[in-house]
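Note sheet for the following structure.
Bear in mind that the values in this text are calculations on the coordinates, not laboratory data. A quick note: this is a predicted structure, and the numbers were derived from the prediction, not measured. Every residue, glycine as well, gets a Cβ built from its backbone with ideal geometry; the counts of neighbours run over all protein chains shown.
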Amino acid sequence: MRNRLVASVVLGLLVFGISLVHGAAPQAEPHRIEVTAKRYSFNPAELTLKKGEPVVLVLKSVDVAHGLRFRELGVDLKAGKGATSEVEFAPEKTGDFVGHCSVFCGGGHGSMMLTLHVVE
């Protein structure tokens, strides 16, 4: 009987401790950032994010299919004509990163860029 009581108390303390750990620091929802793509620009053309903070990057294509790729950050998303696409990520490096349209969209495709500033 004593062993059962000790086991119950230990189990209760363990469950209570786990609930304190999980309840003490609830995870915040990732910040959603919308980027509109149209021939031959992204709006906004620059974004600033904090290192390690999760974000959901939403790409909206207005006119034709577009993409947005940041090679150094491993981010690549594509949105068809009139569609949206999204990716969740947390930048792990600081610095300035230039994203390019990754779907050929016409003559000005090569000048279609978005600069991402990642700060501490």
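Filter region 43-52 down to the residues that are aliphatic (A, V, I, L, M) and in a strand (DSSP E or B), then identify the one that is surrounded by the most Cβ atoms within 10 Å (Cβ to Cβ).
L49
Could you run through region 53-75 and say how many residues are closer than 17 Å to V98 by Cα and in a loop (DSSP other than H, G, I, E, B)?
The number of residues fulfilling the criteria is 1.
So which residues in region 78-116 are among the small types (G, A, S) and either more than 17 Å from the chain's Cα centre (by Cα) or part of a helix (DSSP H, G or I) (or both)?
G80, G82, A83, S102, G106, G107, G108, G110, S111
I'd like to know if region 32-42 contains one or more residues that are surrounded by 15 or more Cβ atoms within 10 Å (Cβ to Cβ) and not in a strand (DSSP E or B).
Yes, because at least one residue in region 32-42 is surrounded by 15 or more Cβ atoms within 10 Å (Cβ to Cβ) and not in a strand (DSSP E or B).
Of everything in region 53-67 that's over 13 Å from the mean Cα position of the chain (by Cα) and of a type outside the set (D, E, K, R), which residue is surrounded by the fewest Cβ atoms within 10 Å (Cβ to Cβ)?
It comes out as V62.
Report, by residue number, each residue of region 76-120 that is surrounded by 17 or more Cβ atoms within 10 Å (Cβ to Cβ), of a type in the set (A, V, I, L, M) and within 19 Å of P54 (Cα to Cα).
L77, L114, L116, V118, listed by residue number.
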